[in-house]
């Protein structure tokens, strides 16, 4: 038992430790989008399905004596694919084909090792069941152990691994751990061969149980797919509207794994009446979290609590229906089919088919429907009627919420990067019709149609960026850069002879800005759109000598982390004139980015000026905003009138600067 347990534990730990490592490694290549993590999860779930399919085939087609030899040989061959370091050449195709590029870099980097790791849990359980059946073997407990190791791997990453090592050393250490796993697993295979050659090998009793029917298999798939769908859909909401950082990836996934641990280690942990009574509360909590402006701790707590309840119900019902040991590999194959289908639905199908995030309400309804299905046979007629009525009412509520995401908007589009909506309404202050570009719950630009050339929202003349632009020289043409187009509002400040380079990763945003807003067309400056991730484009361009570079790239309410690291600021600095201004938009509901700005300024030898426009400022064209403008110490001593009165940001004692290999969300929560 210790040898089997060590093999399962090590494989599961490596299996889930590599997920945040490789996701963090490639996140900056694809715009820091929350979709990167979703696609990583899709890839890993499909790999898990392939691994479980391999185990089922081996279990059914190969003799018990041949299985260890075949698997051991594959493990030794897989060592040739190490180390698991992503090839930077994939960055070249990131903009043109982001979805397939993410999947391609994952396949070439970790495809083979991950596939073989994914086979370990069910294969070790099958071997253990055959070797120790006479001693009352309980192989399902090995599955609980594997999920415990997976959860420890995930939770240890943001706390221990990420702060201690850069990403590339992380990959090398992981590769060494994989080599150790191969040795341990080969040793287990050798032990299995010797054990099966002994007198205590009893395989015959495993052949007695009848094969589960297709309806039962479909129910296994449905329960697993529902948990996977809800996990990914809720994680997407967290990483889009807060920040795409490892902690917010791993926390919901760790709870997902915890539900596996509790349910498979001892079914008594799934107290059916208790968790079924919590299910309606989880539905309500998710409704509140998605539609109310909550602070970060409350938002994360509600969403994660809901994930845990949903997963406990789905996985608890799975364990209640698990088959005899003869069909153990079939059971795990159906679980992996469900997990992969849920991941493919959220990661690939939904962005291509839906204009809004309909996958979450569909997952919630499927969860409610499956609960009704598993309870149905044991209910009396009146309880069946009550459950059907509740299901219909909940479905109507979900349909109404889903329609709210698209109803009343002029246009709604969605792709790999985001969902973007165009909304038109009448201003409450009597300024006439106003058109807005909305991403998630955040306005990314607005134009008053009766005042089309007026700078608005976070970009009006009283905001930090407005003051910075007004402080620039007017006696010569200027070169301006903007990372993050939005509605194109900043083009208002362009004068005849100016050149304004507009970096935008999402081609849909550029198309909407041109068709629904007149800022770009009306600008007196020559506007040059540059499609691609702003940082990557700037890293590949020759120095632009900007008079001002504005960083305004948001995904929902979060700024992609890779745009705020010391390496990113060094790339921006290369494109500035000696007296050029770098302006960063840090308005945020959840995060206080001032310490990040102060540490970056200190690293560059700059002074960070905080320019805030508070609520209640009295200008109906403007929104509350916070901008940080980086200036030279000489400039800071002789500020132009437009920048006077700014607050100088001082580095926070003990605050660790953000780099491409380190960022700490906890330090900046509001």
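The values are calculated or read from the model by the stated rules, or taken from the named source; none is laboratory data. Because the structure is predicted, anything quoted here is derived from the model rather than measured. As a convention, Cβ positions derive from the backbone with ideal geometry for all residues, glycine included, and neighbour counts pool all protein chains shown.
Just one residue in the set 232, 251 is in contact with a helix residue (DSSP H, G or I) (Cβ under 7 Å, 6 or more places away or on another chain), crowded, with 24+ Cβ neighbours inside 10 Å, at pLDDT 75 or above and in the same structural domain as residue 299 (by TED's automatic domain parsing); that residue is 232. The residues in the stretch 258-279 that are assigned to a helix (DSSP H, G or I), at pLDDT 90 or above and out of contact with any helix residue (DSSP H, G or I) (no Cβ under 8 Å at 6 or more places or on another chain) can be counted, and the count is 3.
Do any helices (runs of 4 or more DSSP H) entirely within the stretch 500-604 hold 2 or more residues that are at pLDDT below 95 and under 20 Å from residue 630 (Cα atoms), and if so, which? Explain how you work it out, then say what you get.
Values: elements: 507-516, 519-522, 534-540, 566-573, 594-604.
By residue number, 534-540, 566-573, 594-604.
Does residue 518 satisfy the condition of being over 18 Å from residue 576 (Cα atoms) and surrounded by fewer than 24 Cβ atoms within 10 Å (Cβ to Cβ)? Steps first, please.
Details: over 18 Å from residue 576 (Cα atoms): yes; surrounded by fewer than 24 Cβ atoms within 10 Å (Cβ to Cβ): yes.
In short, yes.
Considering (1) surrounded by fewer than 23 Cβ atoms within 10 Å (Cβ to Cβ); (2) farther than 23 Å from residue 97 by Cα, the lone condition that residue 510 does not fulfil carries the number (2).
To keep it simple, each residue is scored yes or no on (1) in contact with a helix residue (DSSP H, G or I) (Cβ under 6 Å, 6 or more places away or on another chain); (2) at pLDDT below 80; (3) assigned by TED's automatic domain parsing to the domain that holds residue 192.
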| position | (1), (2), (3) |
| --- | --- |
| 23 | yes, no, yes |
| 27 | yes, yes, yes |
| 40 | yes, no, yes |
| 43 | yes, no, yes |
| 52 | yes, no, yes |
| 68 | yes, no, yes |
| 76 | no, no, yes |
| 85 | yes, no, yes |
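Screening 48, 62, 103 for residues that are closer than 20 Å to residue 7 by Cα and either in contact with a helix residue (DSSP H, G or I) (Cβ under 8 Å, 6 or more places away or on another chain) or not assigned by TED's automatic domain parsing to the domain that holds residue 184 (or both) leaves exactly one candidate, 48. Scanning the stretch 155-171 for residues that are surrounded by 15 or more Cβ atoms within 10 Å (Cβ to Cβ) and modelled with pLDDT of 80 or more returns 155, 156, 157, 161, 165, 167, 170, 171.
Quickly run through the stretch 581-605 and pick out the residues that are touching a residue at least 60 places away in the same chain (Cβ under 8 Å) and touching a strand residue (DSSP E or B) at 6+ places or on another chain (Cβ under 6 Å). Residues satisfying the conditions are 581, 583, 585, 587. Looking at the stretch 284-303, can you tell me whether even one residue there is more than 22 Å from the chain's Cα centre (by Cα) and either closer than 24 Å to residue 375 by Cβ or assigned to a helix (DSSP H, G or I) (or both)? For the stretch 284-303, residues more than 22 Å from the chain's Cα centre (by Cα) and either closer than 24 Å to residue 375 by Cβ or assigned to a helix (DSSP H, G or I) (or both): present. Taking the numbered list (1) surrounded by 21 or more Cβ atoms within 10 Å (Cβ to Cβ); (2) out of contact with any helix residue (DSSP H, G or I) (no Cβ under 7 Å at 6 or more places or on another chain) in turn, residue 589 passes all entries but (1). Residues of the stretch 94-114 include none that is outside any helix (DSSP H, G or I), at pLDDT 75 or above and farther than 28 Å from residue 194 by Cβ. Taken over the stretch 481-499, the criterion of being in contact with a strand residue (DSSP E or B) (Cβ under 9 Å, 6 or more places away or on another chain) and either touching a residue at least 60 places away in the same chain (Cβ under 8 Å) or in a helix (DSSP H, G or I) (or both) is satisfied by 481, 482, 483, 484, 486, 489, 490, 491, 493. Do we have any residue at all in the stretch 466-480 that's at pLDDT below 95, in a loop (DSSP other than H, G, I, E, B) and under 35 Å from the mean Cα position of the chain (by Cα)? There is no residue in the stretch 466-480 that is at pLDDT below 95, in a loop (DSSP other than H, G, I, E, B) and under 35 Å from the mean Cα position of the chain (by Cα).
Report yes if residue 242 is at pLDDT below 85 and within 24 Å of residue 116 (Cα to Cα), otherwise no. So residue 242 fails the test.
Restricting the stretch 381-418 to residues that are surrounded by 15 or more Cβ atoms within 10 Å (Cβ to Cβ) and in contact with a strand residue (DSSP E or B) (Cβ under 7 Å, 6 or more places away or on another chain) leaves a set whose member that is farthest from residue 27 (Cα to Cα) is 409. When the stretch 627-670 is limited to residues that are part of a helix (DSSP H, G or I) and surrounded by 16 or more Cβ atoms within 10 Å (Cβ to Cβ), the one that is nearest to the chain's Cα centre (by Cα) turns out to be 668.
Report yes if some residue within the stretch 612-621 is touching a residue at least 24 places away in the same chain (Cβ under 8 Å), closer than 21 Å to residue 467 by Cβ and within 31 Å of the chain's Cα centre (by Cα); otherwise report no.
Just the residues of the stretch 612-621 that are touching a residue at least 24 places away in the same chain (Cβ under 8 Å), to begin with: 612-613, 617, 619-621.
Checking which are closer than 21 Å to residue 467 by Cβ leaves us with 612-613, 617, 619-621.
Now drop any that are not within 31 Å of the chain's Cα centre (by Cα), which leaves 612.
Within the stretch 612-621 (the criterion being touching a residue at least 24 places away in the same chain (Cβ under 8 Å), closer than 21 Å to residue 467 by Cβ and within 31 Å of the chain's Cα centre (by Cα)), the answer is yes, since at least one residue qualifies.
Quick check: anything in the stretch 364-374 over 28 Å from the mean Cα position of the chain (by Cα), surrounded by fewer than 19 Cβ atoms within 10 Å (Cβ to Cβ) and free of Cβ contacts under 8 Å to residues at least 60 places away in the same chain? Yes, the stretch 364-374 contains a residue that is over 28 Å from the mean Cα position of the chain (by Cα), surrounded by fewer than 19 Cβ atoms within 10 Å (Cβ to Cβ) and free of Cβ contacts under 8 Å to residues at least 60 places away in the same chain.
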